[in-house]
1. Taking the stretch 41-55, which residues are away from the ligand (no atom under 13 Å from the Cβ) and surrounded by fewer than 16 Cβ atoms within 10 Å (Cβ to Cβ)?
2. When residues of the stretch 115-125 are filtered for being near the ligand (Cβ under 9 Å from one of its atoms) and assigned to a loop (DSSP other than H, G, I, E, B), how many remain?
3. Answer yes or no: is there a residue in the stretch 165-175 that is crowded, with 18+ Cβ neighbours inside 10 Å, within 13 Å of the ligand (Cβ to nearest atom) and assigned to a loop (DSSP other than H, G, I, E, B).
4. Looking at M136, M128, can you tell me which residue is of a type in the set (A, V, I, L, M), assigned to a helix (DSSP H, G or I), within 11 Å of the ligand (Cβ to nearest atom) and buried (at least 19 other Cβ atoms within 10 Å of the Cβ)?
5. Check the stretch 36-44 and report whether any residue there is within 20 Å of L158 (Cβ to Cβ) and not polar (S, T, N, Q).
6. Yes or no: G105 buried (at least 16 other Cβ atoms within 10 Å of the Cβ), part of a loop (DSSP other than H, G, I, E, B) and either among the small types (G, A, S) or away from the ligand (no atom under 16 Å from the Cβ) (or both)?
7. Does L87 satisfy being within 24 Å of A62 (Cβ to Cβ), in contact with an Asp or Glu (Cβ under 7 Å, 6 or more places away or on another chain) and surrounded by 16 or more Cβ atoms within 10 Å (Cβ to Cβ)?
8. Taking into account only those residues within the stretch 139-158 that are not in a helix (DSSP H, G or I) and not acidic (D, E), which is nearest to the ligand (Cβ to nearest atom)?
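The values are calculated or read from the model by the stated rules, or taken from the named source; none is laboratory data. Just so it is clear, the model here is predicted, and its values are computed rather than measured. All Cβ positions, even for glycine, are placed from backbone atoms using ideal geometry, and neighbour counts span all protein chains on display.
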Amino acid sequence: MIRTTIKKRLASLLGLALASTTTVAFAQPQGGPQTGIVFRNTVTGEQLDTAQGKEGGRDTPAVKAFFETGRNLYIDDKACLRNGESLFATSCSGCHGHLAEGKLGPGLNDNYWTYPANTEDTGLFATMFGGANGMMGPHNDNLNPDEMLQIIAWIRHLYTGPAKDAIWLSDEQKKAYTPYKQGEVIPADAKGQCKPLEN
Ligand code: HEC
């Protein structure tokens, strides 16, 4: 949040500077959409190119907002959780456990992270997109960014740690937070931002 504020200040400062100069030929760089967030490989720090990998899932309002602000609008959205549960089961649970409790890979449902950047959804996205060490390979070939946001929402939903560390939740969501309990069923026709997955 602090970073966003600084960025906004910078942007407005720049705006002022630009407005007060007479040079008009200030061309925007050509190419892909402007990205507010720079994603970096969790281990090497190398910049990730979010255009790479599985096609699609880059023009949804949620992905656009996420690339701009780092905020995942799918958090707590039932329709996205329904999809995220199924995507997580296919792509992640074999190594991380059905409830993300940890298996071959570490648990993702508590407040301990090997890479503290994963406390933030942007970090989780980068780890999924670009991979980490060993068996944790990049998943951008089999998941597009929109699907990754749905998985992130599901991983956050499985969280059982203290609410104070759940920085992905808004203050309101924190108040309503209860640790995940096994046995919950999300209806197949749950309404929200995510359409049912195509199989
Ligand atoms: C083939 C097994 C395997 C699969 C599949 C797999 N992971 Fe991993 N994952 C690992 C291993 C092993 C590590 C530890 C790597 C390290 O420490 O660098 C890891 C690490 C991670 C971490 C870092 C956790 C921390 O404490 O910082 C995250 C986040 C993660 N995986 C998410 C996912 C997600 C999301 C998926 C599904 C899209 C997935 N993984 C699929 C094996 C796997």
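1. G45, E46, Q47, D49, A51, Q52, E55
2. Qualifying residue count for the region: 1.
3. Yes, that holds for at least one residue.
4. Being of a type in the set (A, V, I, L, M), assigned to a helix (DSSP H, G or I), within 11 Å of the ligand (Cβ to nearest atom) and buried (at least 19 other Cβ atoms within 10 Å of the Cβ) holds for just one of M136, M128, which is M128.
5. Checked the stretch 36-44: no residue is within 20 Å of L158 (Cβ to Cβ) and not polar (S, T, N, Q).
6. Judged against the criteria, G105 is a match.
7. yes
8. Ranking the candidates gives H139 first.
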